[in-house]
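Working notes, beginning with the structure itself.
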Amino acid sequence: MALTGAGISAESGIPTFRGTDGIWNKLKPEELADFGAFLRNPELVSEWYKHRRQVTRVAKPNGAHLALVEMATLFPIFAVITQNIDNLHERAGSETVIELHGNIERNYCLGCGKRYDGEEFDKNGSFKCNECGGLIRPDIVWFGEMLPTDQWNAAEAAASEADIMFVVGTSAVVYPAANLPMTVKRNSGKIVEINTEETPLSEFADVSIQGPASEVLSEIVNGIKEFRRDAKK
Ligand code: APR
């Protein structure tokens, strides 16, 4: 399995949150990425997510997303658990994607629950529901909110049975997602961290590889295929 964070989309041109040019260095999460901020200023928060949808739509899945698609063909069971809301794993072709923090292309009305996909929402041009006038919010997990139970339970189950988890492009500081590698280790699975920098997880990883996710993951996939070819000889 893979657990991915914003770093896997960095090479697609989507800014991370905590890196040197991270989003949270310029903008305040408490003003944009929590429910209180949305109720205080629905216009600002809706505009920000509309902007982020424009950024993610022009972005393309990069070599790292594609390597995970190919890696899934090399194992009988392979799940991608992502903290990202950018929809790039789905667009790359990953079949089993567990979205811990939601998906920026999904929105719903707080009043009547009507769902709005991203394109429809942006065309609607307003954060007011055209059915009931209620506020439309993105279907993503804001700070302080619970993760979707079905997604979290699926992630925990996958982590408890995993032989190996590739932890790719996450600073491993946001919980409960950051607990998942420990669940793998507690169940005798192996952790391979892929990141351009050290993280709090690095000392616990069985292998910690520093480098850009697209290069490292492609090399790992090629290495597995080569190993399998040699084993057949
Ligand atoms: N290849 C691999 N790793 C990279 C690359 C790259 N090309 N570029 C950056 N990274 C690493 C950074 O070193 C950093 O450790 O990706 C990580 C990104 O960390 P964050 O910006 O903190 O993103 P993430 O870990 O996904 O944040 C978790 O926090 O803001 C919330 O909900 C948001 O899902 C997000 C959560």
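The values are calculated or read from the model by the stated rules, or taken from the named source; none is laboratory data. These numbers come from a predicted model, not from an experiment. Positions of Cβ are generated from backbone atoms using ideal geometry, with glycine treated the same way; all protein chains shown enter the neighbour counts.
For residues that are within 13 Å of the ligand (Cβ to nearest atom) and touching a residue at least 40 places away in the same chain (Cβ under 8 Å), tally how many sit in the range 99-137. Residues that pass the stated criteria total 5.
State which residue is nearest to the ligand (Cβ to nearest atom) when the search covers only the range 179-201 and only residues that are farther than 17 Å from A2 by Cβ and part of a loop (DSSP other than H, G, I, E, B).
The initial filter retains those residues of the range 179-201 that are farther than 17 Å from A2 by Cβ, namely 186, 188, 197-198, 200.
Add one more test, that the residue is part of a loop (DSSP other than H, G, I, E, B), and what stays is 188, 197-198, 200.
Numbers: S188: 25, E197: 4, E198: 9, P200: 10 Å.
So the residue we want is E197.
Of the residues making up the range 37-56, just one is within 14 Å of D139 (Cα to Cα) and β-branched (V, I, T), namely V45. When G144 is tested against (1) away from the ligand (no atom under 12 Å from the Cβ); (2) at pLDDT below 95, just one condition goes unmet, and that condition is (1). If you filter the range 111-146 down to residues that are touching an Asp or Glu at 6+ places or on another chain (Cβ under 7 Å) and outside any loop (DSSP other than H, G, I, E, B), you find that the one that is nearest to F17 (Cα to Cα) is G118. Here G111 fulfils each of the conditions (1) surrounded by fewer than 18 Cβ atoms within 10 Å (Cβ to Cβ); (2) closer than 23 Å to I81 by Cα; (3) touching a strand residue (DSSP E or B) at 6+ places or on another chain (Cβ under 8 Å) apart from (2). Determine the pairs where a residue that is among the aliphatic types (A, V, I, L, M) and at pLDDT 95 or above, located within the range 187-200, has a partner that is crowded, with 18+ Cβ neighbours inside 10 Å and assigned to a loop (DSSP other than H, G, I, E, B) with Cβ atoms under 6 Å apart, the partner being 6 or more residues away or on another chain. As it stands, the answer is I191/A205, since those pairs meet every condition given.
Candidates are the residues of the range 22-54 that are more than 10 Å from the ligand (Cβ to nearest atom) and not in a helix (DSSP H, G or I); the one that is nearest to M146 (Cα to Cα) is D34. Scan the range 77-100 and give yes if some residue there is more than 24 Å from K50 (Cβ to Cβ), over 15 Å from the mean Cα position of the chain (by Cα) and surrounded by fewer than 17 Cβ atoms within 10 Å (Cβ to Cβ), otherwise no. Yes, because at least one residue in the range 77-100 is more than 24 Å from K50 (Cβ to Cβ), over 15 Å from the mean Cα position of the chain (by Cα) and surrounded by fewer than 17 Cβ atoms within 10 Å (Cβ to Cβ). Kindly provide the set of residues from the range 71-110 that are part of a loop (DSSP other than H, G, I, E, B) and on the phi > 0 side of the Ramachandran plot, ordered by number. Correct list: N87, G93. Pairs are defined by a Cβ separation below 7 Å, a sequence spacing of at least 6 or placement on different chains, a first member in the range 147-160 that is part of a helix (DSSP H, G or I), and a second member that is of a type in the set (D, E); the pairs so defined are Q151/E99.
Take the range 161-178 and flag every residue that is assigned to a loop (DSSP other than H, G, I, E, B) and near the ligand (Cβ under 10 Å from one of its atoms).
Going residue by residue through the range 161-178, those that are assigned to a loop (DSSP other than H, G, I, E, B) are 162-163, 169-176.
Of everything in the range 161-178, those that are assigned to a loop (DSSP other than H, G, I, E, B) and near the ligand (Cβ under 10 Å from one of its atoms) turn out to be G169, T170, S171, A172, V173, V174, Y175.
Selection within the range 202-218: residues that are within 13 Å of the ligand (Cβ to nearest atom) and exposed (fewer than 13 other Cβ atoms within 10 Å of the Cβ). The member of this set that is nearest to A64 (Cα to Cα) is G211.
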